Amino acid sequence: MTVPNIIEINGVSRHFGPVRALDGVDMQIREGEFFSLLGPSGCGKTTLLRLIAGFDDPTAGEVLIAGEAMTGVPANLRPTNMVFQNYAIFPHLNVGRNVAYGLRKLRLAPDELKSRVSSALEMVDLTGLEDRGAEELSGGQRQRVALARALIMRPKVLLLDEPLSALDKKLREQMQIELRRLQRSVGITFILVTHDQHEALTMSDRIAVMFEGKVDQIASPNELYERPASRAVAGFIGGMNFIDAAVKKKTANQITAEAAGLGTVVVASEDNVSDDASEIVLGIRPERLSISTGKKAGKNRVVGTISDAAFFGEVTHYYVDLPGRQEPLAVSVSNSAEHETLPAGAKVTIGFDPKSLVPLD
Amino acid sequence: MTSIPAEKVATDPSPARPRTAWRSSDAAKGLTLISPPVLFAIALLAIPIISTFTYSFWTQDYLVVDTTITFANYYQAWTEPIYRLLMTRSVVVSALVTVITVLLAYPMAYFVAFHVRERQALWLFLITIPFWTSYLLRVFTWKVILGFNGVLNSGLIWLGLIEEPLDFLLYNASAVIITLAHAWAAFAILPIYVSLRKIDRSLLEAATDLGDGPIRRFWRITLPLSMPGIIGAALIIFIPTVSDYVTPALVGGPDGLMIANMIQVQFGKANNWPLGSALAVSAMLIVTILSLTFVIGARRFARSAR
């Protein structure tokens, strides 16, 4: 099954004086997918979104939407609509007129306009709020109005610029689920800009992780989490233990290495590890490590001492000192009924599966 | 005072207490702070207005003021053709001055607010430079420019465009309009600039995103949202210019005189304070009604944008 690309970004750069906000970005976004641009602030994700919307022009490269080059096409003629970070609700217009704003060009009959507006409001659970003034809306309602105002245009692509960052935590989590459901039901391609990894992981079909104007990896949430392509990606998404390792033997699909604190391990090779690397970094997620009391070292088991513990509710993080390693290893344990909290200073055995070790640069 | 035992203080139902509390209250502090300007305003604004209002119902015969209440002055002010003419001319001239000034000021304010990226304060400062000279001097300057042997006429003759100096430039209502529009320009630019600056740029992007080109976006977003500045500018210009008497006296000639010149005559040479007061009160009333109508209309326009 091949889904056509709705957006193609070909070698796009955007320089502001000496600052390279975007530096040679290539990206293909498929029709109907929920795509996220994830990265820390200043990584260029918003710049890229604005280039797609047409509010800014690339210094080099081109943007194609539905196969058409967008160079020289102004924002008002592009088949995209945007939900702004501050929602940009027109303060002098009521909800109905805000939502109907973009339809004026179509010169619809009043009845038709009315029914379109009310069905757009219904879609975002604001049924019957047409006459509400823009200043009387709560943060969550403003966001829904902004969504309705953009979706009523039936854009080919909906662009969302950190739409949830202004909401409180509970409302944000609720909106994440709603946005996802909305995207599935309308079938429009959504491009979400966010710096929140949880938001990107829970909502997206695919995520592009960006650092300093470059794309480090484009992958599904699962793949991004399990097989991060770089140390930066691995550190940005979820928790990750980084372990220095010396390569002892490398074949086409296997690396045997001496990992600090873990001993000799055999891991599957990745493309991003160069053939002549002698030192590599291995990553392992805290929840892929197991912890048990007692000292039973052996194959894929090492003994250490708990230096600290942090209780998070559903999980507890233990920080375990291992001989041969400076940084303590983070171990995440689910607080199930069987789990008994271990005290700091306890001797424990850490177990791991070599398959969970990811070789990084 | 000698020391009082502690228990006595505690039980004593002191009558001075509420007073002390009031003196330290916010209301008292506020009133103390605003009392000098309030007294100033009462002395220089309220008393003159009340006395003008009172005078307008009296009559005067040379030096004798008859304090019998009468509407005779108002009857005269509203029926005699000369007063009606002057009143109408004042309103029309001020309205034109207001419209012209706002139309000229808007693009300037727009330019500074949207297209000057750095040093906006410097630009605003430069705009105010012409207003460092006295109002009278600026009016005289226009006399020099528009006069029979003035800059404009000499220039046009030198260019060979005309043979005789144009005599319709000075001493009429249009000279008053030109001079006033120039004199009040800065007062129009500033409020419009402030209201344009306050417009969130993402609103303009949102309008573009929803399909508006630059012109449509201006009518649907920028203009309605800058309406408070336009209203402010219009009132700041309209209200004082209706009652301006310096400019009409200097550049207006007989055909450019306005109601304020007549009020001045009544309080001066004609020595009829009651009639002058009635004219002044009538002018205030008309200005108030017109201003309110304008404000309501402009607000309605801003809300009706779709």
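Scanning the stretch A:229-258 for residues that are buried (at least 20 other Cβ atoms within 10 Å of the Cβ) and of a type in the set (S, T, N, Q) returns a single hit, A:Asn241. Mind checking which residues of the stretch A:3-29 are touching a Lys or Arg at 6+ places or on another chain (Cβ under 9 Å), open to solvent by 70 Å² or more (accessible area, probe 1.4 Å) and not in a strand (DSSP E or B)? Correct list: A:Pro4 only. Within the stretch B:286-305, at least one residue is touching a Lys or Arg at 6+ places or on another chain (Cβ under 8 Å), touching a residue at least 12 places away in the same chain (Cβ under 8 Å) and of a type outside the set (Val, Ile, Thr). Kindly evaluate A:Glu287 against the criterion of being buried (at least 16 other Cβ atoms within 10 Å of the Cβ) and not in a strand (DSSP E or B). For A:Glu287, the condition - buried (at least 16 other Cβ atoms within 10 Å of the Cβ) and not in a strand (DSSP E or B) - is met.
Do the conditions hold for A:Gly261, that is, is it in contact with a His (Cβ under 9 Å, 6 or more places away or on another chain), open to solvent by 10 Å² or more (accessible area, probe 1.4 Å) and farther than 27 Å from A:Gln85 by Cα? Against the criterion (in contact with a His (Cβ under 9 Å, 6 or more places away or on another chain), open to solvent by 10 Å² or more (accessible area, probe 1.4 Å) and farther than 27 Å from A:Gln85 by Cα), A:Gly261 does not qualify. Condition check for A:Thr341 on (1) open to solvent by 40 Å² or more (accessible area, probe 1.4 Å); (2) closer than 19 Å to A:Gly235 by Cα: one failure, at (2). For the stretch A:318-330, the criterion of being in contact with a His (Cβ under 8 Å, 6 or more places away or on another chain) and in contact (Cβ under 8 Å) with a residue 24 or more places away in the chain is met by at least one residue. Filter the stretch A:192-228 down to the residues that are small (Gly, Ala, Ser) and surrounded by 21 or more Cβ atoms within 10 Å (Cβ to Cβ), then identify the one that is farthest from A:Pro18 (Cα to Cα). The selected residue is A:Ser204. Any residue at all in the stretch A:235-250 that's in a strand (DSSP E or B) and in contact with a His (Cβ under 9 Å, 6 or more places away or on another chain)? No, the conditions are met nowhere in the stretch A:235-250.
Here the stretch B:68-91 is the region considered, the condition is being among the hydrophobic types (A, V, I, L, M, F, W, C), open to solvent by 70 Å² or more (accessible area, probe 1.4 Å) and free of Cβ contacts under 8 Å to residues at least 40 places away in the same chain, and the residue that is nearest to B:Thr222 (Cα to Cα) is B:Leu85.
Quick one: would you say A:Asp125 is in contact with a Ser or Thr (Cβ under 8 Å, 6 or more places away or on another chain), touching a residue at least 12 places away in the same chain (Cβ under 8 Å) and either closer than 27 Å to A:Val63 by Cα or more than 14 Å from every other protein chain (Cβ to nearest Cβ) (or both)? Answer is no for this residue. Summed over the stretch A:30-63, the residues that are among the hydrophobic types (A, V, I, L, M, F, W, C), open to solvent by 30 Å² or more (accessible area, probe 1.4 Å) and in a strand (DSSP E or B) give a count of 1. Considered as a group, the residues in the stretch B:205-219 that are over 18 Å from B:Ser304 (Cα atoms) and touching a Ser or Thr at 6+ places or on another chain (Cβ under 9 Å) include one that is farthest from the other protein chains (Cβ to nearest Cβ), and that residue is B:Pro214. Counting only residues that are in contact with a Gly (Cβ under 6 Å, 6 or more places away or on another chain) and more than 30 Å from B:Arg299 (Cβ to Cβ), the stretch A:75-93 holds 2 of them. Do you know which residues across the stretch B:24-66 are part of a loop (DSSP other than H, G, I, E, B) and modelled with pLDDT under 85? Residues satisfying the conditions are B:Ser24, B:Ser25, B:Tyr62, B:Leu63.
Out of B:Val176, B:Val194, one residue alone is in the same structural domain as B:Leu86 (by TED's automatic domain parsing), β-branched (Val, Ile, Thr), open to solvent by less than 30 Å² (accessible area, probe 1.4 Å) and in a helix (DSSP H, G or I). It is B:Val176.
Against the definition (over 28 Å from A:Lys105 (Cα atoms) and out of contact with any Ser or Thr (no Cβ under 8 Å at 6 or more places or on another chain)), how does A:Pro79 come out, yes or no? No. Selection of the stretch A:74-90 for residues being more than 21 Å from the chain's Cα centre (by Cα) and within 7 Å of chain B (Cβ to nearest Cβ) yields A:Ala75, A:Asn76, A:Ala88, A:Phe90.
The values are calculated or read from the model by the stated rules, or taken from the named source; none is laboratory data. Given the structure is predicted, the values throughout are model-derived calculations rather than measurements. Cβ coordinates were reconstructed from backbone atoms using ideal geometry, including for glycine residues, and neighbour counts include every protein chain displayed. Areas reflect the complete protein model, heavy atoms only, side chains present, ligands, DNA and RNA absent. Shrake-Rupley method; radii C 1.70, N 1.55, O 1.52, S 1.80 Å.
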